[in-house]
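Below is one structure, written out as structure tokens; comments come after it.
The values are calculated or read from the model by the stated rules, or taken from the named source; none is laboratory data. Note that the structure is a prediction, hence the values are computed from the model and not measured. Ideal geometry is used to build each Cβ from the backbone, glycine not excepted, and the neighbour counts take in all protein chains shown.
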Amino acid sequence: MESIWIKQVLNIFSALLVFGLVSCKETDHKKDNMEQEMASDEETRFRPNFHFTPKEKWTNDPNGMFYHNGYYHLFYQHYPEESTWGPMHWGHAISTDMLQWRHMPIALYPDDLGHIWSGSAVVDHENTSGFGTPSSSKPVVAMYTNAKEDPETKKWFQTQSIAYSLDEGKTWVKYEGNPNIKNPGILDFRDPKMSWDAERERWLMVLAAGDRVMFYSSKDLKDWELLSEFGADLDRTVGTHGGVWECPDFFPLQVEGTDIVKWVLYLSINPGGPNGGSATEYFIGDFDGNNFVLDADYEKNLVPEKMHEYWIDFGRDNYAGVSWSDIPASDGRRIYLGWMSNWDYARDVPTESWRNGMTVPREVKLIRSGDTYKLAFTPVRELAERRGKKYKKDAITVDQEVTLLEPGQIDLTKAEIKFEMDSVAISNGHVFKLKNAAGDELAFGFDGALGAFFVDRSKSGIVAFSEKFPPLAQAPRTSANPTLNGTLILDKTSIELFWDDGETVMTEIFFPNEPFERMTLSPQEDGLTLEHIEINELNFN
């Protein structure tokens, strides 16, 4: 009798156990399905059509960009385990046109010296490093920041290391002599940007160091000599100093229409941007092989506040950008790429399976504007090759809100818009709006009373994830052109505005509840004439 009772108890226990296991499996299955549905929803609603994004998880700064044998290489700050910042790796992708990217295996992993932070890469065409072999391709050498957190002080100790590749960036070997530049006792000591100094036949490198940058030279990419510093002794009205300088770039550029060559220094700063959070400013001057000295015309136009005119981008979503190395002389372009987010809210944006991406690549020009030198940016010419279905119209009188584009005419989740406006559009001001059926609106244009361009995403859809996301972004107009022109690049969740032939640029991300499908234009007061507008749908799968 007792054995029968025990047997019954065991049967009941087994049934409960099986039920529990099935129930757990069903719960896990439902959870997996929910996560897959959320990821799929993010892909449909928010994954850009043609801006670079990681296949999954977290990304920030572009790193190590070089061109070689028909491919543009992009490395980037990447944490492959989570969608938040963590132990940094170098992710890797390649492209033949900088617009459609093929993901490659992770290039550099953290090691005993720490995380793999930002840096650069160059093709060592003459094998000055000695890393090349008779049977290998030309060595590619990367320099990056190793960063290790002190467990007691929680401060990050930073040194510089190098790695080399003998198969065009597919695999990497870390140099046995790392770190090859030790920290001289500076808290922030990072983001080396290397280049070939053709005039002096040596390698040049600029490194961010807190409130200054340091210039180094080398003959072999392994041993580096400190040349000089720039920035620490600047009058605090020169440039912006509200945060740490980082992610520098340094290169010569010929002034358009002249034989004059100036040197350009990019410096990213966080915080301290013109509209809050992170942004990138630039300096223009001369370099004698040792010292960088600001151009007098440039310096006198700086003003003692953050809204000076020398920002790469006045929008809140272009940071840590640098240029590609080894663009062939036959091409001749200086090409820039930035991280399309802001440290004010990059960790909070409403995507989980992947987070953040890059701007559209941009061609950089140095122009004479009024009594100063300025940079101007335009989307790379490769984007024009993607133009497909077109809508255009001339001489549109705008006395009240007019609809420029109806739903179904052009897919505004992948579009290029070019327009020209009369002088009244400057004095009276104007407002473009992108709209959808959910009632979301993204507004941008020119405020005539303030003399400033603006982007307003306060009603653009999902904005409550950060109180720093919705506020208006503004940019002063500096062009003396009596009329106004603009080029607008639209992706599913971003707008990039190039005003006055790229003299003023604004980049902002957004997260609409539905895709924008309608476009309108209104005058701020009285009327205006839209001389010409052309809207091209871009061909991307």
If Asp331 satisfies every condition in (1) outside any loop (DSSP other than H, G, I, E, B); (2) loosely packed, with under 15 Cβ neighbours inside 10 Å; (3) not small (Gly, Ala, Ser) but one, which is the exception? (1)
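Got a sec? Which of Asp313, Asp326, Asp297 is at pLDDT below 95 and charged (D, E, K, R)?
Values: Asp313 fails: at pLDDT below 95; Asp326 fails: at pLDDT below 95.
The match here is Asp297.
Suppose the filter is modelled with pLDDT of 95 or more, touching a Lys or Arg at 6+ places or on another chain (Cβ under 7 Å) and not assigned by TED's automatic domain parsing to the domain that holds Asp526; does Trp354 pass it? Walk me through it before giving the result.
On the way: modelled with pLDDT of 95 or more: yes; touching a Lys or Arg at 6+ places or on another chain (Cβ under 7 Å): yes; not assigned by TED's automatic domain parsing to the domain that holds Asp526: yes.
So Trp354 fits the description; yes.
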Counting only residues that are closer than 29 Å to Arg355 by Cβ and outside any strand (DSSP E or B), how many does the stretch 475-503 have? 3
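Which members of the stretch 129-151 meet the condition of being within 30 Å of Gly210 (Cβ to Cβ) and either among the acidic types (Asp, Glu) or surrounded by 12 or more Cβ atoms within 10 Å (Cβ to Cβ) (or both)?
Filtering the stretch 129-151 for residues within 30 Å of Gly210 (Cβ to Cβ) gives 129, 140-151.
Correct list: Ser129, Val140, Val141, Ala142, Met143, Tyr144, Thr145, Asn146, Ala147, Lys148, Glu149, Asp150.
Taking the options Lys138, Lys193, name whichever one is in a loop (DSSP other than H, G, I, E, B) and charged (D, E, K, R). Even if it seems obvious, please write down each step before you answer.
Numbers: Lys193 fails: in a loop (DSSP other than H, G, I, E, B).
The match here is Lys138.
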Among Gly185, Gly169, the single one that is in contact with a His (Cβ under 6 Å, 6 or more places away or on another chain) and either of a type in the set (Asp, Glu) or farther than 20 Å from Ser218 by Cβ (or both) is Gly169
Looking at Asn146, Asn183, which one is farther than 23 Å from Leu337 by Cα and not aromatic (Phe, Trp, Tyr)? Asn183
Quick one: in the stretch 152-169, of everything that is part of a loop (DSSP other than H, G, I, E, B) and in contact (Cβ under 8 Å) with a residue 24 or more places away in the chain, which residue is surrounded by the most Cβ atoms within 10 Å (Cβ to Cβ)? Gly169
Per-region count, the stretch 349-363, residues under 19 Å from Ile312 (Cα atoms) and assigned to a strand (DSSP E or B): 3
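In the stretch 384-441, which strands (runs of 3 or more DSSP E) lie fully inside it and hold 3 or more residues that are crowded, with 18+ Cβ neighbours inside 10 Å?
Working: elements: 387-398, 402-405, 414-421, 430-435.
Qualifying strands (runs of 3 or more DSSP E): 414-421, 430-435.
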Restrict the check to the stretch 318-326 and report whether at least one residue is more than 20 Å from Ser118 (Cβ to Cβ) and part of a strand (DSSP E or B). no
